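Step one of this worksheet: look at the structure below.
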Amino acid sequence: MRKLETIIKGGTIVTAAETYKSDIGIIGGQIVIIDTDLTDADAIIDATGLLVLPGGIDSHVHIAQPSDPGVVMADDFESATRSAIFGGHTTLLPFCLQAKGQSLRDAVTWYHGLAKGNCYTDVSFHLII
């Protein structure tokens, strides 16, 4: 294994099944090892006394969605996903509203275009038809 980029050290890991103290090793934004006494990384985050939780999933959000002529939801993808991260959510499932007369493909292509390059979180798309 190559050198770890980041270690989250000394925290209490909480999963759906158990709670335990350990370190987390990260490479390329992915957890690659959970073990005690990890030491060699470019960055070490001290989580002593803190809980280390999986990111939340918000399965019902409206982002940059038109509601009435000339009215669009207050959050765009940048502000909504940044807010989500601060709230502990790492995945959002926004709804793509298909306009009357618009093809499903065109609605999804347009909505993906709004999100592309503007997200701090993972985003999955659902359609309202």
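Scan the stretch 1-59 for trypsin sites (Lys or Arg not before Pro) in coil per DSSP, keeping those whose Cβ has at most 11 other Cβ atoms within 10 Å, and list them by number.
Listed in order of number, the matching sites are Arg2, Lys3.
Given a Förster distance of 41 angstrom, what is the FRET efficiency for Ile85 paired with Trp110, based on the Cβ-Cβ distance and rounded to 0.05?
The computed FRET efficiency comes out at 0.95.
I'd like the FRET efficiency for Glu5 and Ser59, computed as 1/(1 + (r/R0)^6) with the beta carbon distance as r and R0 of 30 Å, rounded to 0.05.
With a Förster radius of 30 Å, E is 0.50.
Among Val32, Met73, Phe86, whose Cα sits farthest toward the positive end of the charge dipole of the chain (+1 at Cβ of Lys/Arg, -1 at Cβ of Asp/Glu, about the Cα centre)?
Value computed over the given set: Met73.
Could you work out, for the stretch 6-94, what percent of all Cα-Cα pairs fall into each 5 Å distance bin, beginning at 0 Å and stopping at the bin that holds the largest distance?
With 5 Å bins starting at 0, P(r) equals 3, 13, 18, 17, 15, 11, 9, 6, 4, 3, 1, 0.
Can you send over the carbon and sulfur percentage of the accessible area for the stretch 1-110, probe radius 1.4 Å, protein chains only?
The nonpolar share, carbon plus sulfur, comes to 57 percent.
Report, to the nearest 10°, how far helix 77-86 tilts away from the longest principal axis of the Cα atoms in the chain, using its own Cα long axis and a range of 0 to 90°.
Computed tilt is about 30 degrees.
Can you give me the accessible area per residue for the chain, using a 1.4 Å probe, in Å²?
65
Using unit Cβ charges (K, R positive; D, E negative) and no other charged atoms, how large, in debye to the nearest 20, is the dipole of the chain about its Cα centre?
It works out to roughly 340 debye.
Which net charge results for the neighbourhood of Leu4, defined as the other residues with beta-carbon distances under 14 angstrom from its beta-carbon, given Lys and Arg at +1 and Asp and Glu at -1?
Taking every Cβ under 14 Å from that of Leu4, the sum is -3.
Angle between the Cα long axis of helix 104-115 and the longest principal axis of the chain, 0 to 90 degrees, nearest 10?
50
Ordering Tyr20, Tyr111 from largest to smallest accessible area (1.4 angstrom probe), what's the sequence?
Greatest to least solvent exposure: Tyr20, Tyr111.
For Leu50 and Glu78, compute 0.36 nm times the residue count separating them, minus their Cα-Cα distance, and round to one decimal in nm.
Full-extension gain reported as 7.3 nm.
Could you name the aspartates and glutamates in cross-link range of Lys100, using Cα to Cα under 16 Å and dropping any fewer than eight places away on the same chain?
Correct list for Lys100: Asp68.
The values are calculated or read from the model by the stated rules, or taken from the named source; none is laboratory data. This structure is a prediction, so every number in the text was calculated from the model and none was measured. Neighbour counts run over all protein chains shown; Cβ positions are idealised from the backbone, glycine included. Keep in mind that these areas ignore ligands, DNA and RNA; they rest on the heavy atoms of the full protein, side chains included. Shrake-Rupley method; radii C 1.70, N 1.55, O 1.52, S 1.80 Å.
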